[in-house]
1. Determine the pairs where a residue that is under 18 Å from Glu125 (Cα atoms), located within segment 30-55, has a partner that is modelled with pLDDT of 95 or more and in a loop (DSSP other than H, G, I, E, B) with Cβ atoms under 6 Å apart, the partner being 6 or more residues away or on another chain.
2. Can you pull out every residue in segment 117-158 that is acidic (Asp, Glu) and either touching a residue at least 24 places away in the same chain (Cβ under 8 Å) or not in a loop (DSSP other than H, G, I, E, B) (or both)?
3. With the requirement that a residue be modelled with pLDDT under 85 and either of a type in the set (Val, Ile, Thr) or buried (at least 16 other Cβ atoms within 10 Å of the Cβ) (or both), what does segment 18-52 give you?
4. Within the bounds of segment 109-116, is there any residue that is assigned to a loop (DSSP other than H, G, I, E, B), at pLDDT below 95 and open to solvent by less than 50 Å² (accessible area, probe 1.4 Å)?
5. Report yes if Ile55 is crowded, with 17+ Cβ neighbours inside 10 Å and modelled with pLDDT of 95 or more, otherwise no.
6. Taking Asp119 as meeting all but one of (1) closer than 18 Å to Leu43 by Cβ; (2) in contact with a strand residue (DSSP E or B) (Cβ under 6 Å, 6 or more places away or on another chain), write down the number of the exception.
7. Got a number for residues in segment 83-116 being touching a residue at least 24 places away in the same chain (Cβ under 8 Å) and over 17 Å from Ser35 (Cβ atoms)?
8. Looking at Val87, Val100 in this structure, which one is of a type in the set (Val, Ile, Thr), in contact with a strand residue (DSSP E or B) (Cβ under 9 Å, 6 or more places away or on another chain) and under 27 Å from Glu27 (Cα atoms)?
Amino acid sequence: MIESLISAFLLFIHPFYVSITSVDYNEEAKRVEVSSRIFYDDLEVALKGGTDRKIDLIKPADRAEVDSLLAGYFRRYFRLGVDGKAVSLHYLGYEVEDDVAWCYLEATDIANVGIISLDCRLLYEQFPGQSHIIHATARGKRQSTKLDNPERYATFRW
C-alpha cells in the first residue's frame, strides 16, 4: 500500500511523456496507414506553440481550424520514407478517447514496402523527456522501436 502511494506520488512529481505510433502497410489498398496515440493535453500544448491561443481538442470552437493545425504540425514534425523516397502523408483527422488523441494519416499509391523510415519529433520542443514507441507492420511482420528525445530516426526493413 505504501509503495503504491510512493509510486503514484513519484509519477505526479515526475510525469512521463510517451506516445505510441503505428505505421502499417496495407498491401491490398496500396497505402501506409499511420495512427498516433498522444496525450491530448500535451498535444494542445504543442499546437499552442508558445502562444496564448486557446486549443481545445475535446470541444473545439472551430474543428476545421484544429484539423488544419494538426495537419501542419504533423507535416513539420513527422516524416515518412518508403524504400528511400520521401512520401507525402495526408492528414485524415483525429478523435479523442479518454485522455488521448488518436491522429490518423496515410500515404497512398505505395506499390510495395521494403524499408520504412521515420523522422519523428512530435512534442520534442515542449517535453525534453518525450518518448515515442513506434510499431511498424508490413507483410504480416511487426517491428517496434522506442525513440527518446532527441532521437528522431527509425528504420524498419522487411
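The values are calculated or read from the model by the stated rules, or taken from the named source; none is laboratory data. Please read these numbers as outputs of a predicted model, since none were measured by experiment. Using ideal geometry, Cβ is built from the backbone for each residue, glycine included, and neighbour counts are taken over all protein chains shown. Just the protein is used for accessible areas: all its heavy atoms, side chains included, with ligands, DNA and RNA removed. Shrake-Rupley method; radii C 1.70, N 1.55, O 1.52, S 1.80 Å.
1. Close Cβ pairs (under 6 Å, with a partner that is modelled with pLDDT of 95 or more and in a loop (DSSP other than H, G, I, E, B)) amount to Tyr40/Leu57; Asp42/Leu123; Glu44/Leu57; Ala46/Leu123.
2. Step one: list which residues in segment 117-158 are acidic (Asp, Glu), which gives 119, 125, 148, 151.
Within segment 117-158, Asp119, Glu125, Asp148 qualify.
3. Here is the first cut: in segment 18-52, the residues modelled with pLDDT under 85 are 49-52.
Result: Thr51, single match.
4. Taking every residue of segment 109-116 in turn, none turns out to be assigned to a loop (DSSP other than H, G, I, E, B), at pLDDT below 95 and open to solvent by less than 50 Å² (accessible area, probe 1.4 Å).
5. For Ile55, the condition - crowded, with 17+ Cβ neighbours inside 10 Å and modelled with pLDDT of 95 or more - is not met.
6. Failing condition for Asp119: (1).
7. First, the residues of segment 83-116 that are touching a residue at least 24 places away in the same chain (Cβ under 8 Å): 83-84, 87, 89, 91, 93-94, 96, 99-116.
Narrowing the set further to residues that are over 17 Å from Ser35 (Cβ atoms) leaves 83-84, 109, 111-112, 114-115.
Of the residues in segment 83-116, 7 are touching a residue at least 24 places away in the same chain (Cβ under 8 Å) and over 17 Å from Ser35 (Cβ atoms).
8. Answer to the selection: Val87.
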